[in-house]
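FYI, it's all coordinate maths here, none of it is from the lab. Just so it is clear, the structure is predicted and the values come from calculations on it, not from any experiment. With ideal geometry, Cβ positions are generated from the backbone for all residues, glycine too; neighbour counts draw on all protein chains shown.
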Amino acid sequence: MKHQIITLRHRLLHPLTFLWVILCAGGLALWMDLPERTELLHREQVVFYVCLALALLFGEISVPALDRKLARIPAILLPVCACAAFLQTEVSIANPMTSLSNWGVVWNLLIAASICLVCYFLLGRMWLAGIVSGVLMTLLSVVNFFTLLFRGTPVCPADIFSAGTAAEVAGGYENPFTPAVGVRDAGILAVFLAQLAISLVFYRTEQRPASRKAAWAIRFAALAAAFVWFRVGSLPAVTTGVGLNLIDWSWSENYYPKGYLCTTLMRVNSLFYQKPSGYSDAKVTQFLDEMSAEAGERTDSGELPNIILIVNESWFDWTQITDFTTSAPVMPFLDGLDNCVRGYAVNPIVGTAASEYEILTSNSMCLFPSNNPFTQMNLKSTSSIARYLGELGYTSSAFHPCPATNYNRNTAYPALGFDNVYFGDSPEIDAVDVVNVHTGFSDLSCFEVLCHLYEEQQSDQPQFLYNLTFQNHGGYQIADFNGGWWKTDPERRIYVTSGFDNVRSEAEEYFTALTYTDEAFQYLVEYFEAVDDPTVICMVGDHQSYFSESTPDGHIKYESTMYQRGTPFVIWTNFPIEEEEVGYIGMPQLVPLFFRQPAWSCRLIISRSPNCTRRFPSLQAHSTGRATENSTRTISATRPKSLTCCSGISILNTAMSPHIREKTAVS
């Protein structure tokens, strides 16, 4: 038997044999069971079959003569590990491979090889490095796949600062397993088992270096090679030179042409702030002086109104993107509300904390698109609506029904100038009978908390109340009619009668949840209609709601990006104002919109230069919304390159006291 040319690497009854057979046969069966096999793109089908072939060939079928020769060259594991990691990560983001560039392939393979070299430096055995790096890349690929499934975007470097928050909200999602999910997971695991089988070939045969000194020399050489590539491969000058550029307005346009590992390494670089071209403290001071002069003096001739600002989780207007009809109006009260200013606020990087930051500070995220401002920025002395209103004599309070540590809000809110901060476990919330809707703390209960805080803090001082809700957070497969735990009111059930064909049950759950939001907003409006104090209420969505699969979108690329990021907002007051439909603006422009109304007796002046607002109604990462004569809201795919186009200076700075302006100008 020892002269056999081909043999089985393990006994037929070996546990690994059963794993490989079950995995490969199960994956193939799942693919055959798909109701429409075009659900997996053609290139992705090819990748999956390659994964299965690798698992079968290298997992069970052995050529002893070839094994003996390869065993003397453990470095052969390096390209094997690189190819395995490349396949796993691309399957995890469902990359169809149709737009993947040649340089993108090279970059991904070299990055994956560098990860294996780091493992070799730490472990000193190539076979063990192959196994450990395989485990790490498999875990990353699986987490990446489900993150994309739940959130709609892959794992990015900034997510490491928000892992606790991710774990907190993960409980709101039902098991998303479908045949297509099973096929992709099978492909990821099949590649790992192939890599494991090859690594085990070297378990007994890998030859150690002649001396301990030589062993450490090789290990440090491996570490140096990995470090050099990680550094060189992420330099913007190098990546741009080979046509690899970051595009943050669309994750698929970003990851598919360059590959997952390449894009991730490039985004690590963008975690760190870089001065824009032409930046200087003198120029910032000049801008502030010019904008202050243009704004004029602030006049407080009259009673200051209470201000209530609500960022409503996942509130989105799907009519912007796709055509559909429902069995009943989803938000009839809000749609028919008079005395309002309405529009859409384009969010920065599709993240709740980033949206909050832009709304509360009127600062654009365009110069640091890959960052989570609450976990990665020092917000002390940052200009904000809370700090500005505090200078006018307001008392400010912020409330969010989730744990205080989510996105570091327990320190972020006070740093932004809020006098009082409350979360779901704060004693003050006990005064409200909390009702849970959908994923948890209902919008109605949130608004009851706001009314309670208003009553408790009533004084001669006007109040600024801020609330980030949670009720409408995904996923959207937890209602009782979808087999989940949320007990819905049958009379509220919204049926989608046309459209959303591939995610109809999820859309129905989402729209049903919005009926509760509509009722809650009606409660809040009716409460403050009966209040004598002048009050302004603004509610805006933080980002689009995400379903398990995409919906049809007939818009061109840049328009589609604006519509997908444009969340609705409404501004209502209990005194007459001039009604207006403002169209699409950036989230930094939302708060200044409060103070443009001629009916405001206080005439607070905190507006950006009118010139800038007219030319750039929406400032976004890597793109700028430009206003033109023919279309007031169009998207230009040019990233602002200097402070002239997008200064990143807070709108609120123009009306702040000199000492705060001074701190902000140099930060």
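With both labels modelled 7 Å from their Cα along Cα-to-Cβ, the Arg231 to Asn436 distance reads 5.2 nm. Each of the peptides 577-589, 332-344, 512-524 was scored by the mean count of other Cβ atoms within 10 Å over its residues; in descending order, highest first, they stand as 512-524, 577-589, 332-344. Charged neighbours of Thr488, selected by a Cβ distance under 12 Å, balance to -2 (K, R count +1; D, E count -1). Averaging the Cα positions of each part gives two centres, and for the stretch 396-431 and the stretch 221-241 these lie 42 Å apart.
Summary of packing: across the peptides 139-149, 408-418, the per-residue average of other C-beta atoms within 10 Å ranks them, highest first, as 408-418, 139-149.
Label-to-label distance for Asp460 and Leu122 is 6.3 nm, based on points extended 7 Å past Cα in the beta-carbon direction.
Net charge within 14 Å of Tyr120 by Cβ-Cβ distance, Lys/Arg positive one each and Asp/Glu negative one each, not counting Tyr120 itself?
+2
Taking R0 as 35 Å, what's the FRET efficiency between Lys283 and Asn410 from their Cβ-Cβ distance, rounded to 0.05? The pair Lys283/Asn410 has a calculated efficiency of 0.50.
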